[in-house]
Amino acid sequence: DKQTVLKFANALYDTRQFVQASTMYQRYLALEPADVNARVDLGVTYFELSRLDSIKHHEYLTLAEKEMKEALNYNPSHQFATFNLGIVYLHVGKMEEASEWFKKCIAIDSTSETGRKAQMLIQQHTFNNP
């Protein structure tokens, strides 16, 4: 059943088996495409893969960006998706976009752990904002 697939994907992620986790998240999302949390988890999995695979680094970052944006299509105020999209942009050197998404993350809830992390990242990095 689909919940078993999701639990397995999460377990694979938790044990850093990212390639297998991505496959299971994809399988689950084929059944539940609007599950924003699972879509964000897939995006984070791709991000982790980008850090481990220098050959497919950019490909995985592109996939991570795609999944975060897709999650935000379903739920524009999903704080973890906004934060992680900012992280992806930070890692590809798109500082203006990163700053924009971190600010959106903070606007959703500045007091949450994720909101505080976004504030910290804005303070740590020099963003050239218009």
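The values are calculated or read from the model by the stated rules, or taken from the named source; none is laboratory data. Quick caveat: nothing in here was measured; it's all calculated off a predicted structure. Cβ atoms come from the backbone with ideal geometry, glycine included; neighbour counts cover every protein chain shown.
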Failed item in (1) over 28 Å from ALA30 (Cα atoms); (2) touching a residue at least 12 places away in the same chain (Cβ under 8 Å), with MET120 passing the rest
(2)
Would you call ALA21 surrounded by 15 or more Cβ atoms within 10 Å (Cβ to Cβ), closer than 30 Å to ASP1 by Cβ and not assigned by TED's automatic domain parsing to the domain that holds ASP1?
no
Of the residues in segment 45-95, those that are part of a loop (DSSP other than H, G, I, E, B) and under 24 Å from ASP35 (Cβ atoms) come to ASN75, PRO76, SER77, HIS78
Extreme residue, farthest from GLU65 (Cα to Cα), among residues of segment 80-107 that are in contact with a Gly (Cβ under 7 Å, 6 or more places away or on another chain) and in contact (Cβ under 8 Å) with a residue 24 or more places away in the chain
CYS105
Go over the candidates GLY86, GLY93 one by one and state the one that is at pLDDT 95 or above, within 16 Å of LEU121 (Cβ to Cβ) and among the small types (Gly, Ala, Ser).
GLY86
Enumeration of residues in segment 40-59 that are surrounded by 22 or more Cβ atoms within 10 Å (Cβ to Cβ) and without any contact (Cβ under 8 Å) to a residue 40 or more places away in the chain
ASP41, LEU42, THR45, TYR46
Which numbered condition trips up LYS66, out of (1) out of contact with any helix residue (DSSP H, G or I) (no Cβ under 7 Å at 6 or more places or on another chain); (2) modelled with pLDDT of 95 or more; (3) over 14 Å from ASP41 (Cα atoms)?
(3)
Selection within segment 44-59 - farther than 19 Å from ASN10 by Cβ and either outside the structural domain of ALA34 (by TED's automatic domain parsing) or among the hydroxyl-bearing types (Ser, Thr, Tyr) (or both):
SER50, SER54
Condition met for PRO33 (in a loop (DSSP other than H, G, I, E, B), within 21 Å of GLY115 (Cα to Cα) and out of contact with any Gly (no Cβ under 7 Å at 6 or more places or on another chain))
no
